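Next up is a structure, given as structure tokens.
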Amino acid sequence: MRTLKLFMKRPTTWMGIATALMFQFIFSVVWMTGYEGVTDRTGQLRVGIVNEDQGLGKAVASKLQSSLPVQTVLLSDREEAMEQLDERELQMVIRIPSTFSADAAAADRQASLDFWINESNPSLIKSIMTSVSGQVTAEVNKAAVGEGVRQILAKVQPAEQAAAASAALAERVVGHVQPVNPVSGMNNQMIPMMMVLASFVGSMIMSMNLEQSSAALAAQTGRWQRLAARCVLNVAAAVGVSLVGASLIMALGGQAERGFLALWGLMFVMLLSFLFLTQMFLLLFGIGGMVFNILLLSVQLVSSGAMVPRELLNDFYANLGNVLPATYAVESGMDVLFGGPGAGRAVGMLLLIALSCAAVGAGTVALKPGRQPVREAAQAS
């Protein structure tokens, strides 16, 4: 009991308890509000329809536009549709081939629909779009069967020909789902979220310890020397930690379409932005800045698109994600790991965020009154 009383007298004990409570409060509020109504927003996903058939295909395309539970856009060019799919402007492309009407009317053939799903997305996209493709195939098959019955009964004789025809009409349309930028296994699908979570938590804890080290050295060195040392340590840690992280991902069977160097470079820039962001709040508010860093951890996991597509988030979290680095880390991570239009824009945004946070941190140091080092004070006297 005596030891317990001694523990309870230490401010760090109460800080630890408060931190545990803070995690529960922040994560509960952010995740419950961030993911509320996600399943009701599937209508915000976009599917492209490319119709190459001028007969029954027109009616099918029109029917799909009015009946699918997602936004649809009719495109005349397949290459344009695939480009938008690769850039994640579309979540799926449906193609109605030029032979659709003829195949649907023939008793000895089946008509086909082609579906392309970009797997370089959160796994929920693949699940939703696979379900939609099944729904499309079923609806189109029903319409094609009706058309086939009408045409066949108009020209065949009863008895054996009708029996043969009825067997052929059991399934008139089949769907062929083809992945774009395929992901090899759930372990690879989860890498973008793992990269964000591990990198931000590590950055947050490192920044906290550097803040404590800086406070302990305040009597011995000037504020600008301490800030310079922290910045050097941030860059050095970003280089080393990202090298270890990228090497582990590759060694454990990770998928990297752009190669090891691209993955290493991305992780370096991502860590750099996380380190300067978490450092900024600690420079602004001292150790109390950890509250903001914990909040940022939760908010970024929700808003980045690592777990749930950003298209399904409410406007508040979707807009908030536009200014946070994890969003661009996930976007560029999917491009580097699985394939996509390129990570240049997202990496540029990460660098911009890192530079902005470093500038705010420097401005904070300039404006805050600094404690004069002991050596300088002795020389002055």
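The values are calculated or read from the model by the stated rules, or taken from the named source; none is laboratory data. Quick caveat, the model's predicted, so the values are computed rather than measured. Don't worry about glycine lacking a Cβ; one is built from the backbone with ideal geometry, like all the others, and counts go over all protein chains shown. Heads up: the accessible areas ignore ligands, DNA and RNA and are worked out on the full protein's heavy atoms, side chains in. Shrake-Rupley method; radii C 1.70, N 1.55, O 1.52, S 1.80 Å.
Give the percent of DSSP beta bridges with both residues in region 18-117 that are antiparallel, rounded to the nearest 5.
DSSP beta bridges in region 18-117 are roughly 30 percent antiparallel.
Here is a follow-up. Have a look at Pro97, Thr12, Leu263 and report the one farthest towards the positive end of the charge dipole of the chain, computed about the Cα centre with Cβ charges (Lys/Arg +1, Asp/Glu -1).
Selected residue: Thr12.
Another question about this same structure. How large is ³J(HN,Hα) for each residue in region 253-259, as worked out from phi by the Karplus curve 6.51 cos²θ - 1.76 cosθ + 1.60 (θ = phi - 60°), to whole Hz, x for Gly and Pro?
x, x, 9, 9, 5, 8, x
Could you check the spin-label model distance between Met186 and Thr33? Points 7 Å from the Cα along Cα→Cβ, value in nm.
Once both label points are built, they end up 3.1 nm from each other.
What's the magnitude of the charge dipole for region 80-144 around its Cα centre, counting Lys and Arg as +1 and Asp and Glu as -1 at the beta-carbon? Answer in Debye, nearest 20.
Using only the charged Cβ atoms, the result is roughly 300 debye.
Please name which of Met349, Gln54, Thr3 has its Cα lying farthest along the dipole of the chain towards the positive end, using unit charges on Cβ (Lys, Arg +1; Asp, Glu -1) and the Cα centre as origin.
Thr3
Got a sec? Charge dipole of the chain, +1 on Cβ for Lys and Arg, -1 for Asp and Glu; which of Ala326, Pro309, Gly240 is way out at the positive end?
Gly240
Right, something else. Dipole magnitude of region 62-118 about its Cα centre, charges +1 at Lys/Arg Cβ and -1 at Asp/Glu Cβ only, in debye to the nearest 20?
That gives a dipole near 340 debye.
If the reach is capped at under 12 angstrom between alpha carbons, list the aspartates and glutamates near Lys142, excluding any in the same chain fewer than eight residues apart.
Cross-link targets: Glu171.
Something else now. Pick from Leu45, Leu248, Leu367 the residue whose mean-square fluctuation is largest in a GNM of the chain, springs joining Cα atoms under 10 Å.
Ranking Leu45, Leu248, Leu367 by mean-square fluctuation puts Leu367 first.
With charges only on Cβ, +1 for K and R and -1 for D and E, what is the dipole size of the chain about its Cα centre, in debye, rounded to 20?
With only Lys, Arg, Asp and Glu charged at Cβ, the dipole is about 2060 debye.
Highest mean first, how do 228-236, 112-120 rank when packing is the count of other Cβ atoms within 10 Å averaged over residues?
112-120, 228-236
Which percent of the accessible heavy-atom area of region 15-152 goes to carbon and sulfur, probe 1.4 angstrom?
Roughly 55 percent of what the probe reaches on region 15-152 is carbon or sulfur.
Same structure, new question: Quick one, could you list the DSSP H helices from the chain stretching 15 Å or more along their long axis (Cα atoms) with average Kyte-Doolittle hydropathy of -0.5 or above?
Helix filter hits for the chain: 11-34, 56-67, 123-153, 191-216, 223-251, 260-285, 290-303, 325-338, 344-367.
For Val232 and Ala106, FRET efficiency with R0 = 56 Å and r from the beta-carbon atoms, rounded to 0.05?
0.15
What is the antiparallel percent of DSSP beta bridges lying wholly in the chain, to the nearest 5?
Beta bridges within the chain, antiparallel portion: roughly 20 percent.
For region 55-114, just the Cα set please: Rg and Dmax, both in angstrom.
In Å, with Rg to one decimal and Dmax whole: 12.8, 40.
Using a probe radius of 1.4 Å on heavy atoms only, what accessible surface per residue do you get for the chain? Whole Å² is fine.
About 49 Å² of surface per residue is accessible.
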